[in-house]
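The values are calculated or read from the model by the stated rules, or taken from the named source; none is laboratory data. Given the structure is predicted, the values throughout are model-derived calculations rather than measurements. Cβ: placed from backbone, ideal geometry, glycine included. Neighbour counts: every protein chain shown. Heads up: the accessible areas ignore ligands, DNA and RNA and are worked out on the full protein's heavy atoms, side chains in. Shrake-Rupley method; radii C 1.70, N 1.55, O 1.52, S 1.80 Å.
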Amino acid sequence: MTTTAAQPGTWTGTWLEAAREIGLEPGGPVNIGWHCSDRICRMGLGAKRALLWEDAEGRSRTLTFDDLRLLTNTFAAFVRGLGVGPGERVCLFLDRVPELYIGFLGILKTGAVAQPLFSAFGEDSLHVRLQDAETAAIVTQRKHLGKVRRIREKLPHLRRIVVVDGAGAPGPGEVHLDLFGAAPVQEFAVHPTTADSPSVLHYTSGTTGQPKGAQHVHGSLPAQYLTSKRVLDLRPEDVYWCNADPGWVTGTSYGIIGPWVNGATQAVLDSGFNTDRWYDFVAKHRITVWYSAPTAIRLLMREGGEAARRRDLSCLRHLCSVGEPLNAEAVVWSERIFGRPFLDTYWQTETGCIVITNLPGMKVKPGSMGKAFPGIEATVLDMNSLRPLDRPGAVGLIALRPGWPSLIRTYRNKPDAYASKFRNGWYLTGDRSSIDEDGYFWFVGRDDDVINTGGHLVGPFEIESALLEHPAVAESAAVSKPDPVNMEVVKVFVTLKPGYEPSDDLELEIMNRIRRKLSPLAMPQEIQFVDSLPKTRSGKIMRRVLRAKEWNEPVGDLSSLMND
Ligand code: WTA
(Lines give C-alpha, C1' and ligand atoms only; values in the text may rest on other atoms or scores of the structure.)
Protein backbone atom coordinates (compact mmCIF):
# COMPACT_ATOMS: atom_id res chain seq x y z
CA MET A 1 0.00 0.00 0.00
CA THR A 2 2.96 2.24 0.49
CA THR A 3 3.62 4.44 -2.48
CA THR A 4 6.79 6.28 -3.14
CA ALA A 5 7.27 9.65 -4.80
CA ALA A 6 5.88 10.18 -8.27
CA GLN A 7 7.84 9.28 -11.36
CA PRO A 8 11.22 10.83 -10.84
CA GLY A 9 12.20 13.63 -13.13
CA THR A 10 8.90 14.12 -14.88
CA TRP A 11 7.20 17.45 -14.95
CA THR A 12 3.51 17.45 -15.74
CA GLY A 13 0.66 19.95 -16.00
CA THR A 14 1.33 23.29 -14.35
CA TRP A 15 4.90 22.27 -13.54
CA LEU A 16 5.66 21.36 -17.13
CA GLU A 17 4.39 24.74 -18.26
CA ALA A 18 6.58 26.39 -15.62
CA ALA A 19 9.56 24.29 -16.71
CA ARG A 20 9.08 25.38 -20.29
CA GLU A 21 8.84 29.03 -19.25
CA ILE A 22 12.41 28.76 -18.02
CA GLY A 23 13.64 26.79 -20.99
CA LEU A 24 13.53 23.30 -19.54
CA GLU A 25 12.39 20.17 -21.30
CA PRO A 26 11.67 16.80 -19.66
CA GLY A 27 14.72 14.58 -19.90
CA GLY A 28 16.98 17.51 -20.69
CA PRO A 29 19.71 19.07 -18.60
CA VAL A 30 18.82 21.24 -15.62
CA ASN A 31 21.27 22.88 -13.28
CA ILE A 32 20.08 25.25 -10.57
CA GLY A 33 23.46 27.04 -10.44
CA TRP A 34 23.45 27.79 -14.14
CA HIS A 35 19.78 28.67 -14.29
CA CYS A 36 20.04 31.22 -11.48
CA SER A 37 22.99 33.06 -13.02
CA ASP A 38 24.05 32.32 -16.63
CA ARG A 39 20.52 31.98 -17.91
CA ILE A 40 19.49 35.32 -16.45
CA CYS A 41 22.49 36.94 -18.19
CA ARG A 42 21.50 35.29 -21.47
CA MET A 43 18.11 36.93 -21.11
CA GLY A 44 19.88 40.28 -21.27
CA LEU A 45 19.73 40.93 -17.52
CA GLY A 46 23.47 40.62 -16.82
CA ALA A 47 23.70 44.24 -15.65
CA LYS A 48 20.68 43.94 -13.36
CA ARG A 49 21.39 43.88 -9.64
CA ALA A 50 21.16 40.35 -8.26
CA LEU A 51 22.37 40.87 -4.68
CA LEU A 52 22.34 43.84 -2.36
CA TRP A 53 24.30 42.66 0.64
CA GLU A 54 24.89 44.35 3.95
CA ASP A 55 25.99 43.31 7.42
CA ALA A 56 25.49 44.64 10.94
CA GLU A 57 28.79 46.56 10.77
CA GLY A 58 27.65 48.46 7.72
CA ARG A 59 29.80 46.63 5.19
CA SER A 60 28.02 46.22 1.88
CA ARG A 61 28.39 44.75 -1.57
CA THR A 62 26.29 44.90 -4.70
CA LEU A 63 26.52 42.19 -7.32
CA THR A 64 24.92 42.08 -10.74
CA PHE A 65 23.77 38.87 -12.38
CA ASP A 66 26.91 38.99 -14.49
CA ASP A 67 29.01 39.24 -11.31
CA LEU A 68 27.04 36.31 -9.97
CA ARG A 69 27.74 34.30 -13.11
CA LEU A 70 31.48 34.96 -12.93
CA LEU A 71 31.82 34.48 -9.18
CA THR A 72 29.85 31.23 -9.19
CA ASN A 73 32.08 30.05 -12.06
CA THR A 74 35.13 30.95 -10.01
CA PHE A 75 33.80 29.18 -6.96
CA ALA A 76 32.83 26.14 -9.04
CA ALA A 77 36.28 25.94 -10.63
CA PHE A 78 37.83 26.12 -7.19
CA VAL A 79 35.64 23.29 -5.85
CA ARG A 80 36.37 21.14 -8.88
CA GLY A 81 40.07 21.92 -8.40
CA LEU A 82 39.87 20.51 -4.89
CA GLY A 83 38.98 17.17 -6.41
CA VAL A 84 35.39 17.19 -5.19
CA GLY A 85 33.29 15.19 -7.63
CA PRO A 86 29.64 15.32 -8.71
CA GLY A 87 27.30 13.98 -6.04
CA GLU A 88 29.78 14.60 -3.21
CA ARG A 89 28.61 16.85 -0.39
CA VAL A 90 30.12 20.25 0.23
CA CYS A 91 29.00 21.95 3.41
CA LEU A 92 28.52 25.70 3.64
CA PHE A 93 29.14 26.67 7.24
CA LEU A 94 29.00 30.42 6.91
CA ASP A 95 27.24 33.48 8.21
CA ARG A 96 25.12 35.20 5.59
CA VAL A 97 28.18 36.47 3.73
CA PRO A 98 28.15 36.78 -0.08
CA GLU A 99 30.32 33.63 -0.33
CA LEU A 100 27.40 31.63 1.07
CA TYR A 101 25.08 32.63 -1.76
CA ILE A 102 27.74 32.39 -4.45
CA GLY A 103 29.17 29.17 -3.03
CA PHE A 104 25.75 27.55 -3.04
CA LEU A 105 25.28 28.09 -6.78
CA GLY A 106 28.95 27.38 -7.51
CA ILE A 107 28.78 23.98 -5.80
CA LEU A 108 25.64 23.13 -7.77
CA LYS A 109 27.38 24.06 -11.04
CA THR A 110 29.98 21.34 -10.36
CA GLY A 111 27.28 18.72 -9.78
CA ALA A 112 28.27 18.42 -6.13
CA VAL A 113 25.60 18.64 -3.42
CA ALA A 114 25.30 21.83 -1.39
CA GLN A 115 24.82 21.19 2.33
CA PRO A 116 24.19 24.51 4.07
CA LEU A 117 24.33 24.49 7.85
CA PHE A 118 23.42 27.26 10.28
CA SER A 119 26.71 28.84 11.40
CA ALA A 120 25.50 29.09 15.00
CA PHE A 121 25.52 25.30 15.27
CA GLY A 122 27.85 23.99 17.92
CA GLU A 123 30.27 21.17 17.31
CA ASP A 124 27.89 18.34 18.19
CA SER A 125 25.18 19.52 15.78
CA LEU A 126 27.80 20.06 13.11
CA HIS A 127 29.45 16.71 13.68
CA VAL A 128 26.23 14.69 13.46
CA ARG A 129 25.31 16.27 10.12
CA LEU A 130 28.75 16.09 8.53
CA GLN A 131 29.16 12.50 9.60
CA ASP A 132 25.81 11.39 8.27
CA ALA A 133 26.39 13.21 4.97
CA GLU A 134 29.98 11.94 4.67
CA THR A 135 30.77 15.48 3.67
CA ALA A 136 33.88 15.84 1.50
CA ALA A 137 34.60 19.54 2.03
CA ILE A 138 33.40 22.35 4.25
CA VAL A 139 33.48 26.04 3.46
CA THR A 140 33.73 28.29 6.46
CA GLN A 141 35.03 31.50 8.01
CA ARG A 142 37.82 32.02 10.50
CA LYS A 143 35.34 32.69 13.28
CA HIS A 144 33.81 29.21 12.91
CA LEU A 145 37.01 27.34 12.13
CA GLY A 146 37.62 26.32 15.75
CA LYS A 147 34.45 24.23 15.80
CA VAL A 148 35.44 22.48 12.58
CA ARG A 149 38.97 21.81 13.75
CA ARG A 150 37.74 20.27 17.00
CA ILE A 151 35.69 17.59 15.23
CA ARG A 152 37.91 17.07 12.24
CA GLU A 153 39.55 13.90 13.59
CA LYS A 154 36.15 12.26 13.91
CA LEU A 155 35.27 12.93 10.26
CA PRO A 156 37.24 10.59 8.00
CA HIS A 157 35.40 11.72 4.85
CA LEU A 158 36.18 15.39 5.32
CA ARG A 159 39.09 15.99 2.96
CA ARG A 160 39.17 19.77 2.71
CA ILE A 161 38.38 22.80 4.83
CA VAL A 162 37.99 25.96 2.80
CA VAL A 163 38.35 29.27 4.62
CA VAL A 164 36.91 32.26 2.75
CA ASP A 165 38.58 34.91 4.90
CA GLY A 166 41.76 33.05 5.74
CA ALA A 167 44.83 34.87 7.00
CA GLY A 168 48.36 33.59 7.49
CA ALA A 169 49.30 30.04 6.61
CA PRO A 170 46.42 27.55 6.25
CA GLY A 171 46.35 24.70 8.77
CA PRO A 172 46.66 21.04 7.72
CA GLY A 173 43.96 20.09 5.20
CA GLU A 174 42.88 23.72 5.04
CA VAL A 175 42.92 25.97 2.04
CA HIS A 176 42.13 29.65 1.66
CA LEU A 177 39.83 31.05 -0.99
CA ASP A 178 39.89 34.77 -1.66
CA LEU A 179 36.87 34.70 -3.94
CA PHE A 180 36.72 38.41 -4.67
CA GLY A 181 40.47 38.64 -5.18
CA ALA A 182 40.71 35.62 -7.49
CA ALA A 183 40.84 35.96 -11.26
CA PRO A 184 37.25 35.56 -12.49
CA VAL A 185 36.62 32.35 -14.41
CA GLN A 186 34.88 33.39 -17.63
CA GLU A 187 33.75 29.97 -18.77
CA PHE A 188 32.96 27.02 -16.59
CA ALA A 189 31.81 23.67 -17.96
CA VAL A 190 28.71 23.16 -15.83
CA HIS A 191 28.19 19.53 -14.89
CA PRO A 192 25.34 18.08 -16.98
CA THR A 193 22.95 17.47 -14.11
CA THR A 194 19.42 16.25 -14.86
CA ALA A 195 16.14 16.51 -13.00
CA ASP A 196 17.05 13.56 -10.78
CA SER A 197 20.55 14.75 -9.84
CA PRO A 198 20.92 15.56 -6.14
CA SER A 199 21.20 19.28 -5.44
CA VAL A 200 20.70 20.45 -1.87
CA LEU A 201 20.89 18.45 1.35
CA HIS A 202 19.02 19.95 4.30
CA TYR A 203 18.97 18.34 7.72
CA THR A 204 15.61 18.35 9.43
CA SER A 205 14.58 17.09 12.84
CA GLY A 206 12.12 14.35 13.68
CA THR A 207 10.89 12.80 16.90
CA THR A 208 13.24 9.87 16.91
CA GLY A 209 16.89 9.65 16.09
CA GLN A 210 19.26 12.27 14.87
CA PRO A 211 18.19 14.76 12.17
CA LYS A 212 17.48 13.37 8.72
CA GLY A 213 19.17 14.55 5.54
CA ALA A 214 16.39 15.62 3.16
CA GLN A 215 17.75 15.17 -0.35
CA HIS A 216 16.54 17.63 -2.97
CA VAL A 217 17.15 17.41 -6.72
CA HIS A 218 17.88 19.85 -9.54
CA GLY A 219 14.48 19.01 -11.05
CA SER A 220 12.84 20.99 -8.23
CA LEU A 221 13.51 24.19 -10.13
CA PRO A 222 10.09 24.71 -11.80
CA ALA A 223 8.51 24.50 -8.34
CA GLN A 224 10.66 27.23 -6.81
CA TYR A 225 10.33 29.27 -9.95
CA LEU A 226 6.56 29.16 -10.14
CA THR A 227 5.79 29.56 -6.45
CA SER A 228 8.16 32.52 -6.15
CA LYS A 229 6.51 34.12 -9.11
CA ARG A 230 2.93 33.47 -8.04
CA VAL A 231 3.04 33.53 -4.23
CA LEU A 232 5.84 36.02 -3.64
CA ASP A 233 4.52 37.82 -6.70
CA LEU A 234 8.04 38.74 -7.88
CA ARG A 235 8.04 41.30 -10.65
CA PRO A 236 10.96 42.74 -12.65
CA GLU A 237 11.21 45.96 -10.65
CA ASP A 238 10.97 44.34 -7.21
CA VAL A 239 13.58 44.40 -4.47
CA TYR A 240 12.96 41.28 -2.47
CA TRP A 241 14.05 40.38 1.05
CA CYS A 242 13.87 36.95 2.62
CA ASN A 243 15.17 37.15 6.15
CA ALA A 244 15.68 33.39 6.54
CA ASP A 245 19.13 31.87 6.88
CA PRO A 246 20.06 29.43 4.09
CA GLY A 247 20.83 26.89 6.80
CA TRP A 248 17.10 26.31 6.56
CA VAL A 249 15.10 25.48 3.51
CA THR A 250 13.35 28.87 3.34
CA GLY A 251 16.73 30.51 2.96
CA THR A 252 17.61 28.35 -0.05
CA SER A 253 14.30 27.74 -1.85
CA TYR A 254 13.22 31.37 -1.39
CA GLY A 255 16.44 33.07 -0.31
CA ILE A 256 18.52 31.92 -3.29
CA ILE A 257 16.83 29.75 -5.90
CA GLY A 258 13.33 31.21 -6.23
CA PRO A 259 14.25 34.89 -6.55
CA TRP A 260 17.25 34.36 -8.80
CA VAL A 261 15.67 31.91 -11.19
CA ASN A 262 13.08 34.67 -11.62
CA GLY A 263 15.82 37.22 -12.28
CA ALA A 264 14.76 39.22 -9.21
CA THR A 265 16.95 41.60 -7.22
CA GLN A 266 17.31 40.40 -3.68
CA ALA A 267 18.67 42.05 -0.57
CA VAL A 268 20.45 40.16 2.20
CA LEU A 269 21.09 41.44 5.71
CA ASP A 270 23.71 39.48 7.60
CA SER A 271 22.47 40.33 11.05
CA GLY A 272 20.19 38.97 13.71
CA PHE A 273 16.90 40.51 14.66
CA ASN A 274 16.93 44.21 15.48
CA THR A 275 13.83 46.29 14.88
CA ASP A 276 15.58 49.52 13.93
CA ARG A 277 18.16 47.85 11.74
CA TRP A 278 15.48 45.85 9.96
CA TYR A 279 13.25 48.82 9.28
CA ASP A 280 16.24 50.89 8.18
CA PHE A 281 17.19 48.10 5.79
CA VAL A 282 13.70 48.04 4.28
CA ALA A 283 13.64 51.80 3.89
CA LYS A 284 17.18 52.10 2.53
CA HIS A 285 16.85 49.44 -0.17
CA ARG A 286 13.22 50.24 -0.88
CA ILE A 287 12.25 46.61 -0.27
CA THR A 288 9.01 45.80 -2.04
CA VAL A 289 8.48 42.13 -1.22
CA TRP A 290 9.32 40.70 2.19
CA TYR A 291 9.26 37.03 3.19
CA SER A 292 9.44 36.72 6.95
CA ALA A 293 8.25 34.57 9.83
CA PRO A 294 5.73 34.84 12.67
CA THR A 295 8.35 35.07 15.42
CA ALA A 296 9.97 38.05 13.72
CA ILE A 297 6.57 39.65 13.22
CA ARG A 298 5.68 39.11 16.87
CA LEU A 299 8.98 40.71 17.89
CA LEU A 300 8.16 43.72 15.73
CA MET A 301 4.69 43.83 17.24
CA ARG A 302 6.09 43.75 20.74
CA GLU A 303 8.10 46.88 19.98
CA GLY A 304 4.94 48.61 18.81
CA GLY A 305 4.22 50.41 15.57
CA GLU A 306 6.15 53.57 16.48
CA ALA A 307 9.46 52.43 14.99
CA ALA A 308 7.68 51.62 11.74
CA ARG A 309 5.88 54.96 11.60
CA ARG A 310 9.13 56.88 12.02
CA ARG A 311 10.30 55.63 8.61
CA ASP A 312 8.95 55.62 5.12
CA LEU A 313 8.09 51.98 4.61
CA SER A 314 5.58 52.68 1.87
CA CYS A 315 7.85 50.72 -0.50
CA LEU A 316 6.52 47.45 0.97
CA ARG A 317 4.05 46.08 -1.55
CA HIS A 318 3.73 42.42 -0.60
CA LEU A 319 4.36 40.53 2.66
CA CYS A 320 4.51 36.80 3.27
CA SER A 321 5.24 34.60 6.26
CA VAL A 322 6.25 30.99 6.87
CA GLY A 323 7.48 28.51 9.42
CA GLU A 324 4.95 28.41 12.22
CA PRO A 325 1.35 29.40 12.82
CA LEU A 326 0.75 33.03 11.93
CA ASN A 327 -1.65 34.25 14.56
CA ALA A 328 -4.61 36.33 13.47
CA GLU A 329 -3.44 39.30 15.61
CA ALA A 330 -0.19 39.48 13.63
CA VAL A 331 -2.13 39.63 10.36
CA VAL A 332 -4.39 42.37 11.64
CA TRP A 333 -1.43 44.27 13.13
CA SER A 334 0.52 44.23 9.89
CA GLU A 335 -2.51 45.49 8.03
CA ARG A 336 -2.66 48.43 10.42
CA ILE A 337 1.07 49.20 10.44
CA PHE A 338 2.16 48.35 6.88
CA GLY A 339 -1.18 48.81 5.19
CA ARG A 340 -1.24 45.19 4.11
CA PRO A 341 -1.48 41.82 5.81
CA PHE A 342 1.28 39.26 6.06
CA LEU A 343 0.09 36.38 3.90
CA ASP A 344 0.64 32.99 5.46
CA THR A 345 2.36 30.25 3.48
CA TYR A 346 2.83 26.64 4.57
CA TRP A 347 5.40 24.10 3.52
CA GLN A 348 8.26 21.96 4.79
CA THR A 349 11.88 21.07 4.15
CA GLU A 350 10.56 17.94 2.49
CA THR A 351 8.14 19.69 0.14
CA GLY A 352 10.83 22.06 -1.14
CA CYS A 353 8.25 24.66 -2.11
CA ILE A 354 5.16 26.39 -0.76
CA VAL A 355 2.21 23.98 -0.93
CA ILE A 356 -0.59 25.74 0.96
CA THR A 357 -0.81 29.48 0.73
CA ASN A 358 -2.60 32.76 0.44
CA LEU A 359 -2.15 33.97 -3.12
CA PRO A 360 -2.07 37.67 -3.92
CA GLY A 361 -5.61 38.93 -4.34
CA MET A 362 -7.17 36.01 -2.51
CA LYS A 363 -9.46 36.80 0.41
CA VAL A 364 -7.43 36.54 3.61
CA LYS A 365 -8.96 34.74 6.55
CA PRO A 366 -6.69 35.72 9.46
CA GLY A 367 -5.47 32.58 11.23
CA SER A 368 -5.79 30.36 8.18
CA MET A 369 -2.81 29.20 6.09
CA GLY A 370 -4.78 29.63 2.87
CA LYS A 371 -5.53 27.09 0.18
CA ALA A 372 -3.58 24.50 -1.80
CA PHE A 373 -1.30 26.11 -4.37
CA PRO A 374 -2.69 25.48 -7.87
CA GLY A 375 -0.86 22.38 -9.06
CA ILE A 376 -0.77 20.87 -5.57
CA GLU A 377 -3.45 18.46 -4.47
CA ALA A 378 -3.82 18.73 -0.71
CA THR A 379 -6.27 17.22 1.74
CA VAL A 380 -6.60 16.10 5.34
CA LEU A 381 -6.77 12.41 6.17
CA ASP A 382 -8.54 10.63 8.97
CA MET A 383 -5.91 9.82 11.62
CA ASN A 384 -6.78 6.12 11.68
CA SER A 385 -8.03 5.11 8.26
CA LEU A 386 -5.77 7.58 6.41
CA ARG A 387 -8.65 8.30 4.02
CA PRO A 388 -9.56 11.87 3.08
CA LEU A 389 -12.03 13.55 5.41
CA ASP A 390 -14.60 15.41 3.39
CA ARG A 391 -16.36 17.08 6.30
CA PRO A 392 -15.49 20.78 6.55
CA GLY A 393 -13.92 21.54 9.90
CA ALA A 394 -12.85 17.98 10.64
CA VAL A 395 -9.27 17.75 11.88
CA GLY A 396 -6.94 15.33 10.13
CA LEU A 397 -3.42 14.89 8.85
CA ILE A 398 -2.33 17.21 6.06
CA ALA A 399 -1.50 15.06 3.04
CA LEU A 400 -0.28 15.95 -0.43
CA ARG A 401 -0.51 14.00 -3.67
CA PRO A 402 3.07 13.27 -4.80
CA GLY A 403 3.97 14.59 -8.21
CA TRP A 404 5.17 18.15 -7.71
CA PRO A 405 8.82 18.62 -8.67
CA SER A 406 10.43 19.69 -5.39
CA LEU A 407 9.40 16.85 -3.11
CA ILE A 408 12.61 15.40 -1.66
CA ARG A 409 13.75 12.11 -3.17
CA THR A 410 14.94 10.44 0.00
CA TYR A 411 16.22 10.88 3.51
CA ARG A 412 19.89 10.12 3.24
CA ASN A 413 20.74 6.71 4.75
CA LYS A 414 17.12 6.36 5.90
CA PRO A 415 15.04 5.06 3.01
CA ASP A 416 12.58 3.43 5.40
CA ALA A 417 11.85 6.71 7.14
CA TYR A 418 11.22 8.20 3.71
CA ALA A 419 8.96 5.35 2.59
CA SER A 420 6.95 5.69 5.79
CA LYS A 421 5.88 9.20 4.71
CA PHE A 422 3.80 7.74 1.86
CA ARG A 423 0.45 6.05 2.44
CA ASN A 424 -2.48 5.29 0.21
CA GLY A 425 -1.00 7.38 -2.56
CA TRP A 426 -0.42 10.42 -0.32
CA TYR A 427 2.63 12.11 1.13
CA LEU A 428 1.99 12.65 4.85
CA THR A 429 3.27 15.95 6.22
CA GLY A 430 2.92 15.02 9.88
CA ASP A 431 0.90 18.17 10.58
CA ARG A 432 -2.75 18.39 11.63
CA SER A 433 -5.27 20.78 10.18
CA SER A 434 -8.87 21.22 9.22
CA ILE A 435 -10.22 22.53 5.93
CA ASP A 436 -13.23 24.84 5.86
CA GLU A 437 -16.03 24.92 3.29
CA ASP A 438 -14.02 27.35 1.12
CA GLY A 439 -10.95 25.11 1.00
CA TYR A 440 -8.92 27.14 3.54
CA PHE A 441 -6.57 25.17 5.80
CA TRP A 442 -6.56 25.90 9.54
CA PHE A 443 -3.40 24.61 11.19
CA VAL A 444 -3.91 22.67 14.42
CA GLY A 445 -0.49 21.30 15.35
CA ARG A 446 2.25 18.84 14.63
CA ASP A 447 1.59 15.16 14.99
CA ASP A 448 4.97 14.42 16.59
CA ASP A 449 7.26 15.56 19.41
CA VAL A 450 9.33 17.99 17.34
CA ILE A 451 9.64 21.45 18.89
CA ASN A 452 9.04 24.39 16.57
CA THR A 453 10.81 27.29 18.23
CA GLY A 454 10.73 30.57 16.37
CA GLY A 455 9.99 28.68 13.15
CA HIS A 456 12.91 26.31 13.57
CA LEU A 457 12.46 22.64 14.21
CA VAL A 458 14.40 21.14 17.07
CA GLY A 459 14.40 17.40 17.65
CA PRO A 460 14.02 16.25 21.27
CA PHE A 461 16.31 13.31 20.66
CA GLU A 462 19.21 15.55 19.72
CA ILE A 463 18.86 17.50 22.95
CA GLU A 464 18.42 14.41 25.08
CA SER A 465 21.49 12.76 23.52
CA ALA A 466 23.59 15.80 24.27
CA LEU A 467 22.28 15.84 27.85
CA LEU A 468 23.25 12.23 28.39
CA GLU A 469 26.86 13.26 27.99
CA HIS A 470 26.53 15.40 31.09
CA PRO A 471 27.91 13.56 34.13
CA ALA A 472 24.99 14.54 36.37
CA VAL A 473 22.17 13.56 34.02
CA ALA A 474 20.56 10.16 34.32
CA GLU A 475 17.59 10.65 31.99
CA SER A 476 15.90 13.53 30.30
CA ALA A 477 12.94 14.50 28.17
CA ALA A 478 12.81 17.61 25.97
CA VAL A 479 9.38 19.04 25.20
CA SER A 480 7.93 22.33 24.06
CA LYS A 481 6.35 24.87 26.34
CA PRO A 482 4.36 27.89 25.19
CA ASP A 483 6.11 31.19 24.62
CA PRO A 484 4.54 34.51 23.63
CA VAL A 485 7.18 35.36 21.01
CA ASN A 486 8.74 32.10 19.81
CA MET A 487 5.45 30.24 20.03
CA GLU A 488 7.31 27.30 21.55
CA VAL A 489 10.54 27.04 23.48
CA VAL A 490 12.43 24.04 24.78
CA LYS A 491 11.84 22.78 28.29
CA VAL A 492 13.78 19.85 29.65
CA PHE A 493 12.88 17.45 32.44
CA VAL A 494 15.91 15.86 34.02
CA THR A 495 16.50 13.08 36.52
CA LEU A 496 19.88 13.18 38.20
CA LYS A 497 22.35 10.42 38.93
CA PRO A 498 22.92 9.50 42.56
CA GLY A 499 25.20 11.96 44.29
CA TYR A 500 23.96 14.99 42.33
CA GLU A 501 21.57 17.58 43.70
CA PRO A 502 19.46 20.07 41.74
CA SER A 503 20.84 23.59 41.85
CA ASP A 504 20.70 26.85 39.93
CA ASP A 505 24.33 26.39 38.92
CA LEU A 506 23.65 22.98 37.51
CA GLU A 507 20.64 24.31 35.63
CA LEU A 508 22.72 27.08 34.08
CA GLU A 509 25.52 24.73 33.20
CA ILE A 510 23.17 22.35 31.43
CA MET A 511 21.55 25.18 29.50
CA ASN A 512 24.89 26.53 28.36
CA ARG A 513 26.13 23.15 27.39
CA ILE A 514 23.23 22.67 24.99
CA ARG A 515 23.66 26.15 23.56
CA ARG A 516 27.36 25.58 22.95
CA LYS A 517 27.21 22.01 21.68
CA LEU A 518 23.98 22.19 19.68
CA SER A 519 22.77 25.70 19.03
CA PRO A 520 21.24 28.73 20.74
CA LEU A 521 17.85 27.63 19.42
CA ALA A 522 18.01 24.27 21.09
CA MET A 523 18.94 25.78 24.45
CA PRO A 524 16.28 24.92 27.05
CA GLN A 525 14.59 27.95 28.55
CA GLU A 526 13.72 25.92 31.61
CA ILE A 527 15.06 22.85 33.29
CA GLN A 528 12.93 20.98 35.76
CA PHE A 529 14.60 18.41 37.95
CA VAL A 530 12.28 15.50 38.68
CA ASP A 531 12.52 12.18 40.50
CA SER A 532 11.21 10.13 37.59
CA LEU A 533 9.88 10.52 34.06
CA PRO A 534 6.58 9.10 32.78
CA LYS A 535 7.28 5.98 30.75
CA THR A 536 5.42 3.37 28.79
CA ARG A 537 5.46 -0.19 30.01
CA SER A 538 8.20 -0.85 27.51
CA GLY A 539 10.28 1.89 29.07
CA LYS A 540 9.85 4.61 26.46
CA ILE A 541 9.69 8.12 27.88
CA MET A 542 6.26 9.65 27.21
CA ARG A 543 7.09 13.18 26.22
CA ARG A 544 3.49 13.89 25.31
CA VAL A 545 2.41 13.54 28.94
CA LEU A 546 4.92 16.19 29.99
CA ARG A 547 4.11 18.35 27.01
CA ALA A 548 0.36 18.26 27.64
CA LYS A 549 0.88 19.58 31.16
CA GLU A 550 2.91 22.51 29.86
CA TRP A 551 0.15 23.39 27.43
CA ASN A 552 -2.71 22.71 29.84
CA GLU A 553 -4.06 20.16 27.42
CA PRO A 554 -5.69 16.83 28.15
CA VAL A 555 -3.07 14.14 28.44
CA GLY A 556 -5.03 11.66 26.32
CA ASP A 557 -4.81 7.90 26.48
CA LEU A 558 -2.61 6.85 29.38
CA SER A 559 -3.30 3.15 29.19
CA SER A 560 0.26 2.40 28.21
CA LEU A 561 1.73 4.45 31.03
CA MET A 562 3.76 2.44 33.47
CA ASN A 563 2.55 2.67 37.06
CA ASP A 564 5.46 3.49 39.20
C1 WTA B 1 5.55 24.18 10.46
C2 WTA B 1 9.86 25.35 6.92
C3 WTA B 1 1.91 26.59 10.73
C4 WTA B 1 4.85 22.83 10.22
C5 WTA B 1 9.45 25.89 5.53
C6 WTA B 1 5.77 22.20 9.19
C7 WTA B 1 3.88 25.88 9.78
C8 WTA B 1 7.11 22.64 9.67
C9 WTA B 1 3.73 26.82 8.72
C10 WTA B 1 8.14 22.62 8.58
C11 WTA B 1 2.59 27.66 8.74
C12 WTA B 1 5.54 25.68 8.41
N13 WTA B 1 1.70 27.51 9.77
N14 WTA B 1 2.98 25.78 10.76
N15 WTA B 1 2.38 28.57 7.81
N16 WTA B 1 4.78 26.66 7.90
N17 WTA B 1 5.01 25.21 9.56
O18 WTA B 1 10.82 21.80 7.57
O19 WTA B 1 4.83 22.09 11.41
O20 WTA B 1 11.70 23.83 8.81
O21 WTA B 1 5.67 20.79 9.13
O22 WTA B 1 10.19 24.03 6.82
O23 WTA B 1 6.92 23.97 10.17
O24 WTA B 1 9.35 23.18 9.02
P25 WTA B 1 10.60 23.18 8.07
Using θ = phi - 60° and Karplus 6.51 cos²θ - 1.76 cosθ + 1.60, couplings along the range 507-512 (whole Hz; Gly, Pro as x): 4, 5, 5, 5, 4, 5
Distant-in-sequence amide H partners of residue 242 (H built 1.01 Å from N, under 5 Å): 267, 291
Long-range amide H partners of residue 530 with built H, under 5 Å: 494, 495, 496
Ranking by accessible area, most exposed first, for 301, 43 with a 1.4 Å probe: 43, 301
Unsatisfied cross-links (Cα-Cα over 19 Å) in the set 421/540; 212/414; 414/540: 421/540; 414/540
Heavy-atom accessible area order for 248, 442, 290, largest first, 1.4 Å probe: 442, 248, 290
For the chain, with +1 on Lys and Arg beta carbons and -1 on Asp and Glu, the positive-most of 487, 294, 110 along the dipole: 110
Protection proxy ranking, peptides 83-90, 200-207, 251-258, average beta carbon neighbours within 10 Å, highest first: 251-258, 200-207, 83-90
Cβ-placed point charges (K, R +1; D, E -1), dipole of the range 448-551 about Cα centre in debye, nearest 20: 380 debye
Cα-derived Rg over Rh, computed across the range 448-551 with Rh taken as Kirkwood radius: 0.94
Area of residue 497 that stays accessible when all protein chains are in place (1.4 Å probe, Å², to 10): 80 Å²
Rounded to 5, percent antiparallel among DSSP beta bridges of the chain: 55 percent
Solvent-accessible area per residue for the chain (1.4 angstrom probe, square angstrom): 39 Å²
Carbon and sulfur %, accessible surface of the chain computed with the full protein complex present, 1.4 Å: 50 percent
For the range 374-382, Karplus couplings with θ = phi - 60° (6.51, -1.76, 1.60), whole Hz, Gly/Pro x: x, x, 10, 9, 10, 8, 10, 10, 4
Derived scalar couplings ³J(HN,Hα) [the range 183-197; Karplus, 6.51 cos²θ - 1.76 cosθ + 1.60; whole Hz; x for Gly, Pro]: 5, x, 8, 5, 10, 10, 7, 5, 4, x, 6, 10, 4, 8, 5
Helix-derived mean residue ellipticity, 222 nm - over the chain, DSSP H n ≥ 4, -39500 (n - 2.57), to 500: -7500 deg cm²/dmol
Interchain or long-range residues, amide H under 5 Å from residue 542's placed H: 535, 536
Computed magnitude of the charge dipole of the chain (debye, nearest 20; Cβ of K, R +1, Cβ of D, E -1): 820 debye
